Every structure is written in structure tokens, then in C-alpha cells.
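This report refers to the structure that appears directly beneath it.
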Amino acid sequence: MKNPDFAADKALAKDFLSNFAGPHGEPKYLNILQDVANRKIRAVQIELDDMFHYKDIDEEFLQRVTENTRRYIGVFAEAMDEIMPEPTEAYTVDEDRDILMTQRVDEGADGGADGTDPLQRMPPEIKRFFEVYIKTFSKATPLTIRQVKASNIGQLVKISGIVTRCSDVKPLMQVAVYTCEECGFEIYQEVTARVFMPLIECPSQRCKLNKAKGNLILQLRASKFLKFQEVKLQELAEHVPKGHIPRSLTVHLRGELTRKVAPGDVVEMSGIFLPMPYYGFRAMRAGLVADTYLEAMSVTHFKKKYEEYELKGDEQEQIDRLAEDGDIYSKLARSLAPEIFGHEDVKKALLLLLVGAPHRKLADGMKIRGDLHICMMGDPGVAKSQLLKHIINVAPRGVYTTGRGSSGVGLTAAVQKDPVTNEFVLEGGALVLADMGICAIDEFDKMEESDRTAIHEVMEQQTVSIAKAGITTSLNARTAILAAANPAWGRYDMRRTPAENINLPPALLSRFDLLWLILDRADMETDLEMARHVVHVHQNLESPALGFTPLEPSVLRAYISAARRVIPSVPRELEEYIATAYSSIRQEEAKSNAPTSYTTIRTLLSILRISIALARLRFSETVAQSDVDEALRLMQMSKYSLYSDDRQRSGLDAISDIYSILRDEAARTSSMDVRYAHALNLISRKGYSEAQLKECLEEYASLNVWQIHPSTFDIHFIDA
């Protein structure tokens, strides 16, 4: 390969920056440079995709840019200095910087500094108020940390991983400026590495002629600093070979790229892979070994937070179409893990967990949480863990842990020594990493009692309070908790009470909005259907036809992010209805010999939260009665598998039981009429189907107990 001609490459870079046209024919980079001149932005990102499509740039130039990126950033920066347009708008003046700059330019013009002395010439870096980044091809597949080898040193590489640690943002010196006590000249020293040797003697011509060893003083105010942040990037679990532990890589973020990532983010970074020798005492220990790091050029998030989600053009149309669909609630629920058979109501509850309700903050600073917490308790083999894993994939920010594999410290926060500064720092655990997301805890019942108490504060106050090693603080943990557990004896024992089977303390149970009891019962028809479904998935690696195309996780994310922007309110006319429903649940529990749940005032808040989440799914500003009914139905259905057994014990057949439910409702409202929709809602809460209701209506209508409206099926009791 012939020696590169940097002057010709600079001319080519100038030509590219001046003439490259964007998608609408506008000069893309000249517009960016105009914004830079007007001090609106600081970062100029040059995309390799644009260079590839530019007519005058050949493959050799592209190869030189990707293989010697550090040098070509300087080439592009020099080209920008030459074609930088004049500012067209007034901008806020950074007084210190501009006074220093004008003074230096005047001195240079007066010939105050010796033009021959290179150290006294102002380096171009100190005049620049922009940073240049070269972004790799967008279609390039990211490498894993293991695939980055010695052959990639100095080249532009693209790596994917999860951020495990971020340092604070610190100033990094880019140009050191000294003044000489003897001759009064300003001496400039460019700093390219992490450490530098300060100049001690004045190297100017005047001091050399006078044989005076001028003392240099470092002027921090006149020097130029860059924002600098160090990040640890770790391999993703799916990229780690069997039997290995994940590798990690240090990434240096500079300038405008700082504060872009937080621990727990899954990101794709492109940057220059460089070696870094050790210095000082660490060099004595390390000997000849050097370390490597990635100097970041661009950062892309895999899953954006709901708040940062920007809808693309076609996504907005798709969401509008879906919102008009009357059956969207069940379609979205069935699109969650379509490979798993049944569990329709569980999936509906998990969908509402993803949507959540808005956080409320009162005038006096008191907070009411909006996140839903769900606990799934069931027999082995009812696909609890699979549902958990799927929800973590759909959620933009999710952390999956197991009860045995996590301690109280691992869930909340640990105090560690920072290897760089040797200070004690807090490192967030699973619940802190899942802030504004979902934390899934499998094998919840196997956790130690002392570790489980760490979750209590997170579930209601949504913070983690720490008082360790001289650090007293509160960390945010606004997370929705999704737990999966087995009953106390491995399987649910029908001879014991629900409280004995569940075996979780009431303080914890009352914090869960929904506790699903999923029992594995033998039923000929259901078992046959399930077996066919499982065999079909095993053979074809996809779920059987659902009657509609299941929505992709990306579409689900887009729909949920749009729904989360709606903040519904509860209308005044529903307040009495919700209060009555809550008090009746309390009464039922008081009468019961073996209550299946602990109903506290938190249950009322749960009803409100689930109703608001349902209104959000409809993009409605107000909560409707149907939302409250559905919330109550879900609460009732979560214990459905127990009620079916209670009814068998009581000896009532389904038809008689439905009749008694409807008669009690008519007596409660002291009315002779019961609407069909209301009747269906009442009996479905008790686990009966619409077919059973119709059978009951026909049977009792023939006995002249009630009359049925021919078209609406509304019920009118005949007063005997």
C-alpha cells in the first residue's frame, strides 16, 4: 500500500463536506457546520454511509478512514476549519473563552510571538468549538468483545454489550497553556494521552538567547478541557460461550458523548480500538503488559426508554389502526408469548403491568406509586419462568434474577471501592438497574427471609435507602416487580388453606396488586388441546394460527410507549361505584372461613391502577365503568382455580349457582331488572362461561321465574 497523501485526502474531505447532499437535496454537512458556527451544536458526526454514496470517494479512501481513524479525524477537523461558515445568528458569548481568544489573535497579528517557534504557535485544537466523530456503517453487524483482536488496533470497530459501570464525568485536559515568568510568552502543549509530562523550562527563542531558564506556570483557566467519562462494557449473556465468564472492555467517552449511557443499558458502540500502556506504580506491577480500550465515536441504544421512544411514520399509522380495533385488549394480550398455550387472563395482567399507571405526586411531596406488581404462584410446569423471560424481552428495560441467586445487597445496592479513585462508591443492584422498567424475580419463595424484606421498601416507596460505610442516601427504584413462586409444598395442596399454601407474609402479599394462583388440573379437553399446541410449536417452531397475526415485540413496545403518554382521570360518578365494590370484597372476605387474599386499602389502590392502565390501552382520558369491572374481574379470576374447587365442595351445580348470583344482585340493587352485560360480568368473575349463563336463563324462563328480552337478553324478574 502506497503512502497516503494527507493533503490530497484533506482536499477530498473538503469537497465531500461542501458538496454532499442530504435526502432532500440540501447540503447536509454545510447545514451542520452552520449550526456549529451559530453555537447551536458541538458534535459533527460524519457517517461512513454518506461517504460510501458520494461519487468522488473511492474504496481505498474509505479503507484508510476505517483503518487509521484517529489520524483522519484530524484531517476532517482541519478541512472543517477551512470551510467553517460565518455565524448567521447572534449567540450567547462565553466571555472568558472569547476574551482569551481575541487577545491571542491580536497578539499573533502584532507579531508579539516569534513566528518561528512552533511551541508558541496556537494549536488549532484550542480555537475549535466543535468535536468530530466518524460513525461506522449502520448496516455493519456489531462484533462481540471476544471478536475484537489485535488486528483491529487503530481501526473503527462496532461492539455490542451491556453497560455495567459508569464513572463520573471529569474534565480531561486537551491543550495545556503555560506562561513564562521571564519572557511572558504563552506556551502551548497538546495532550493526546491520559497522562502528560508538564513542561518546566521555557523553550522559547528569547529565553534560549538570554540563557534564562524561565519558570513556566500552568494556566488552568486558559487551557482547554474536554468532558471525559469512563464506562465498563460487558458481553451480552447470549454471546458468552458455554463454561466461560463474560468479558468486559473499558470505553472512553469524550465531549458530547458523555452522559449518554447508564448502568444496565444494552448498547451498540462504534469507536477506535486502541492500546493504553500502564503508568506509574501500575506499570511496575504490569511490566510489559498494556491495556486496551475503545475510544467511542457513536452510541446507539438497543431498547429506548418509553419516554425517549420516537415513533416512525409507519408506526404511528399502525398504532392508530390498532387503537380503532375494538378487540385490541385481547389481541395485545395474546401477542405476548403466543407460543404459550392458554393463560389469557394472566397475559392480560402482564400487558397491564407493562402499561402501568402514572405516578401521582401530592402537593406536600407524598408519592403514590403507579407501577403494578404481580406475583404468579403455581404448580411446576405452568410456564411461569417462560412468561417472565418473555416480558423482560418486550420491556425496554428489564432485569431478570432468581431468588436463590440473589442476595438483599445484590437486589438493592452494594458499597464497593472504586479501582480508579480508591473511594467508596455505590453500585446499584438489580432493582436500581431496573429503574423505570421491570424486575422479574423467579423462584421468589426460595429467597431468604432477610433478603426478601429488602423488597418491601421498593414495592411501596419506590426507593432504596442505604446507610453503609459512611454513605447515607436514597436511590430511585421506580420499578414494577414481577415475581414467580411455587406453593409451600412444591404443588398446591387442596387440603390446606390458601394462606398455608401461599406461605408469604401478609406484609408482602398486600403489596402485590395481583396474586395469580395457577393450578395444574387434570382436564381431558384442555390437556388434549394443550398437548396438540405444544407438539405443533415443537415441530414448526411457531405458534398455531391465532386467527390474527401476533404483533411483533417492537410494535408492542411502540403501542405501549404511545399508551403510557395518556394520563387518564377517574370521573366523579365512578367514585361511589369503586368504593362499593371495595367494601363488598371486604365483606366477602370477612364472612369467609379461609380467605384467599388479604384485602387492605392497598387493594383499592390496585383496582384504581388496573382501571387506569386499561383506560390507557384505549387511549382514553377518562376511566369507564367497564375498566373498573374488568379490573375487578381480573382480581377475581386470579383465584379462579380455587373457586371451581369450592363450588364442587358446596354441591351447587353451575345453573343453580348462577341463579343465586343474579337473584342476590337484584336484591342488592332492589330492582327487578338485571342487564345482560352486567350479569355476564358478574358470573364471569365467579368463573362461569356465557354458555352456562344462557342455559340458566332458558331454564328459569321456562319456569316463569323471569322474562328475557328477545333482542338484548336483559332479565326481568316476575314478582311472585
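A few notes on this one:
- Principal-axis tilt of helix 28-37 within the chain, Cα atoms, nearest 10 degrees: 70 degrees
- For residue 436, nonlocal amide neighbours, meaning residues 5 or more places apart or on other chains whose placed amide H falls under 5 Å from its own, are 478, 479.
- Cα→Cβ-extended label distance, 7 Å offset, between residue 494 and residue 268, nm: 5.3 nm
- Cα gyration tensor, the range 651-717 - rounded (a/c under 1.5), prolate or oblate: rounded
- Label of the coordinate-derived value, mean projected area of the Cα convex hull in nm², listed as (1) 38.2; (2) 43.3; (3) 47.4: (2)
- Rounded to the nearest 10 degrees, the inclination of helix 95-110 to the longest alpha-carbon principal axis of the chain is 20 degrees.
- Evaluating 6.51 cos²θ - 1.76 cosθ + 1.60 at θ = phi - 60° for every residue in the range 39-47, the Karplus couplings come out as 6, 7, 10, 10, 9, 10, 9, 9, 9 Hz, glycine and proline recorded as x.
- Backbone HN-Hα couplings from phi across the range 561-567 [Karplus 6.51/-1.76/1.60, Hz, Gly and Pro as x]: 5, 5, 5, 5, 7, 7, 10
- Mean Cβ neighbour count within 10 Å, used as a protection proxy, ranking 391-398, 45-52, 611-618 highest first: 611-618, 391-398, 45-52
- Phi-derived couplings, Karplus 6.51 cos²θ - 1.76 cosθ + 1.60 at θ = phi - 60°, listed residue by residue for the range 140-146: 5, 7, x, 8, 8, 4, 5 Hz, with x used for Gly and Pro.
- GluC sites (Glu not before Pro) within the range 495-549: DSSP coil, no more than 14 neighbouring Cβ in 10 Å: 542
- Packing order of peptides 702-715, 504-517, highest average first: 504-517, 702-715 (average count of other Cβ atoms within 10 Å over each peptide's residues).
- Of the beta bridges in the chain, as assigned by DSSP with both residues counted there, near 70 percent are antiparallel.
- In summary, the lysines within cross-link reach of residue 224, defined as a Cα separation below 17 angstrom excluding same-chain residues under 8 places away, comprise 127, 170.
- The protection proxy used here, the mean number of other Cβ atoms lying within 10 Å of each residue, ranks peptides 569-576, 432-439, 75-82, 59-66 as follows, highest first: 432-439, 75-82, 59-66, 569-576.
- Extension gain (nm, one decimal) between residue 427 and residue 58, 0.36 nm per residue minus Cα-Cα: 128.1 nm
- Residue 278 long-range amide H proximity, modeled H, under 5 Å: 291
- Acute angle (nearest 10 degrees) that the helix 69-83 long axis makes with the longest principal axis of the chain, alpha-carbon atoms: 70 degrees
Taken together, the values in this text are just the output of simple stated rules run on the coordinates, not laboratory data. A quick note: this is a predicted structure, and the numbers were derived from the prediction, not measured. Note that we place each Cβ from the backbone using ideal geometry, even for glycine, and neighbour counts take in every protein chain shown.
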